[in-house]
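Notes for the one structure printed next.
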Amino acid sequence: MIKLPGFLHGRHGGLAGILILAAILMIVMPAMLDLYRLNLAGRYLTYAFVAVGLVLCWGYGGILSLGQGIFFGVGGYAMAMFLKLEASDPESTRIQTTPGIPDFMDWNRITELPWFWVPFNSLTFTIIAVLVLPAAFAFVIGYAMFKRRVSGVYFAIITQALAVVLTILIVGQQGYTGGINGITDLRTLKGWDIRDDSAQYLLYYLNATLLIGCVLLGRWVLNGKYGRILTALRDREDRVRFSGYDVANFKVFIFCLAAFMSGIGGAMFTLQVGFMSPSFVGIVPSIEFVIFAAVGGRLSLLGGVYGALLVSYAKTMFAEAYPQLWQVMIGAVFILVVLVLPYGLASVYQRYGKRAVAKLKGSRHPGDTPTPPAASVVPGARRDATAKAGSALPHDSVTEGRP
């Protein structure tokens, strides 16, 4: 019998959930959707990278960030800079005053490529930047905040303010960033036309593969010792600190991991859509990313993916059918889900799906088994959490009524 790695069958889901997601993304959706709709689905999947990161950061780490658009934008702009330089070769820009530089630089009377653009002539450097720069930004922000024990609503407000600052900076430096229009007219990647139909299919599959890889990475983190400590940090931070753990370092790590995933999503968005603008960096997209995680289930990595797909699809459908009311309808759906299902759509499966599966197998659901009174269970669990610094499981928080 083949023994699967722990992160494939741990308490945060199993191989079945990953296989179902892979089948939906790789087989069902390409078979059912035309190229236009499949390209839209690929765009939605880029948002799912951020939602998965938020499940780790917010759902398990208790760190609510309202500025994930920062990291999504950093990854997206890094890829856009490489693509724009490739599209701005001297032959293609010969009608400009200064050939060989992006058109928006020429319009703003910049006559030489800025020094920080030069390294993005290399695809290798660009890929490294996509992976490293978002995590580096997150490290600077997280280290400065968590070492000073800034958390909760204060941290959320600071990240939101930083998203505003970055948006203003991008718009204000039009000659270097493309301003409010962003970086557009991205056509080729090393001579490969990313607008071609076959390229759109290939980019979709690459997108889905990377997303599943991020889900596996998150599952591996959560099913290890770090995942247990992270959950304990969310529920009883002071007790973990008194046990001798450096709480700030754990928070910085998970915040950087979420930013790392967001940067990949931003880069894939640029490739999938063919542009990047500051409208995907500020407050509105950052809050939408939080909505994706909340609707799908902030304690479920797979729920984050489904939440991004369902909410983005609903947003598109509402915008097409009711262009004047779609924002109100999206807000109403979010409020309804939060009030009725505080743990998102994933809690529906946790509450009813497992019981149904167990009944089909002819056995009782674990939730049907009588449990000792809370007084005899909780103290022991808490003592164990204090001693081991994080052995509390996510479902313990639900059982005790804590978020």
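Counting only residues that are out of contact with any Gly (no Cβ under 6 Å at 6 or more places or on another chain) and surrounded by fewer than 17 Cβ atoms within 10 Å (Cβ to Cβ), the stretch 101-114 holds 5 of them. In the condition set (1) small (G, A, S); (2) in a helix (DSSP H, G or I); (3) modelled with pLDDT under 75, S312 is compliant with all but (3).
Does T209 qualify as being of a type in the set (S, T, N, Q) and farther than 30 Å from A16 by Cα? Considered against the rule, which asks whether it is of a type in the set (S, T, N, Q) and farther than 30 Å from A16 by Cα, T209 comes out as no. Among the residues of the stretch 238-294, the one identified as closer than 22 Å to V140 by Cβ, charged (D, E, K, R) and touching a residue at least 40 places away in the same chain (Cβ under 8 Å) is K251.
For (1) touching a helix residue (DSSP H, G or I) at 6+ places or on another chain (Cβ under 9 Å); (2) aliphatic (A, V, I, L, M); (3) assigned to a loop (DSSP other than H, G, I, E, B), each residue gets a yes or a no:
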residue: Y205; (1), (2), (3): yes, no, no
residue: V221; (1), (2), (3): yes, yes, no
residue: R228; (1), (2), (3): yes, no, no
residue: R239; (1), (2), (3): yes, no, no
residue: G244; (1), (2), (3): no, no, yes
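A single member of G182, G227, G265 is within 20 Å of S300 (Cβ to Cβ), buried (at least 22 other Cβ atoms within 10 Å of the Cβ), modelled with pLDDT of 90 or more and of a type outside the set (A, V, I, L, M, F, W, C), and it is G265. Considering only the stretch 99-115, I want to know if a residue exists there that is among the small types (G, A, S), at pLDDT 95 or above and either closer than 22 Å to R187 by Cα or not in a loop (DSSP other than H, G, I, E, B) (or both). Within the stretch 99-115 (the criterion being among the small types (G, A, S), at pLDDT 95 or above and either closer than 22 Å to R187 by Cα or not in a loop (DSSP other than H, G, I, E, B) (or both)), the answer is no, since none of the residues qualifies. Being crowded, with 24+ Cβ neighbours inside 10 Å and touching a Leu at 6+ places or on another chain (Cβ under 7 Å) is the filter here, so list the residues in the stretch 272-297 that pass it. Across the stretch 272-297, the qualifying residues are V281, S286, F289, A293, V295, G296, G297.
Has the stretch 180-194 got at least one residue that is assigned to a helix (DSSP H, G or I), within 29 Å of L233 (Cβ to Cβ) and not small (G, A, S)? Give the derivation first.
First, pick out the residues of the stretch 180-194 that are assigned to a helix (DSSP H, G or I): 180-181.
Then drop every residue that is not within 29 Å of L233 (Cβ to Cβ), which leaves none.
No, because not a single residue in the stretch 180-194 is assigned to a helix (DSSP H, G or I), within 29 Å of L233 (Cβ to Cβ) and not small (G, A, S).
Pairs meeting the criteria (first residue in the stretch 65-84 and more than 12 Å from I283 (Cα to Cα), second residue assigned to a loop (DSSP other than H, G, I, E, B) and not hydrophobic (A, V, I, L, M, F, W, C), beta carbons under 6 Å, at least 6 apart or on different chains) are K84/P102.
Conditions tested, residue by residue: (1) under 30 Å from G344 (Cβ atoms); (2) of a type outside the set (F, W, Y); (3) touching a Lys or Arg at 6+ places or on another chain (Cβ under 9 Å).
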{"site": "V50", "(1), (2), (3)": "yes, yes, no"}
{"site": "L54", "(1), (2), (3)": "yes, yes, yes"}
{"site": "G61", "(1), (2), (3)": "yes, yes, yes"}
{"site": "Q68", "(1), (2), (3)": "yes, yes, no"}
{"site": "F72", "(1), (2), (3)": "yes, no, no"}
{"site": "G76", "(1), (2), (3)": "yes, yes, no"}
{"site": "T93", "(1), (2), (3)": "no, yes, no"}
{"site": "P119", "(1), (2), (3)": "no, yes, no"}
{"site": "F125", "(1), (2), (3)": "no, no, no"}
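Here A248 meets each of (1) of a type outside the set (S, T, N, Q); (2) buried (at least 21 other Cβ atoms within 10 Å of the Cβ); (3) part of a helix (DSSP H, G or I) with one exception, condition (2). Taken together, the residues in the stretch 160-184 that are touching a helix residue (DSSP H, G or I) at 6+ places or on another chain (Cβ under 7 Å) and more than 28 Å from L83 (Cβ to Cβ) amount to 1. Could you go through the stretch 93-103 and let me know if any residue there is among the basic types (K, R) and either under 21 Å from V281 (Cβ atoms) or in contact with a strand residue (DSSP E or B) (Cβ under 7 Å, 6 or more places away or on another chain) (or both). No: zero hits.
Assess whether G152 counts as being modelled with pLDDT of 90 or more and at positive phi.
On the way: modelled with pLDDT of 90 or more: no; at positive phi: yes.
It is false that G152 is modelled with pLDDT of 90 or more and at positive phi.
Scanning the stretch 70-108 for residues that are small (G, A, S) and within 14 Å of A129 (Cα to Cα) yields G73, G75, G76, A78, A80. Among the candidates S92, S88, S122, the residue that is of a type in the set (G, A, S), touching an Asp or Glu at 6+ places or on another chain (Cβ under 9 Å) and more than 22 Å from G303 (Cα to Cα) is uniquely S88.
The values are calculated or read from the model by the stated rules, or taken from the named source; none is laboratory data. Every value quoted in this text rests on a predicted model; they were computed, and no experiment measured them. Cβ coordinates were reconstructed from backbone atoms using ideal geometry, including for glycine residues, and neighbour counts include every protein chain displayed.
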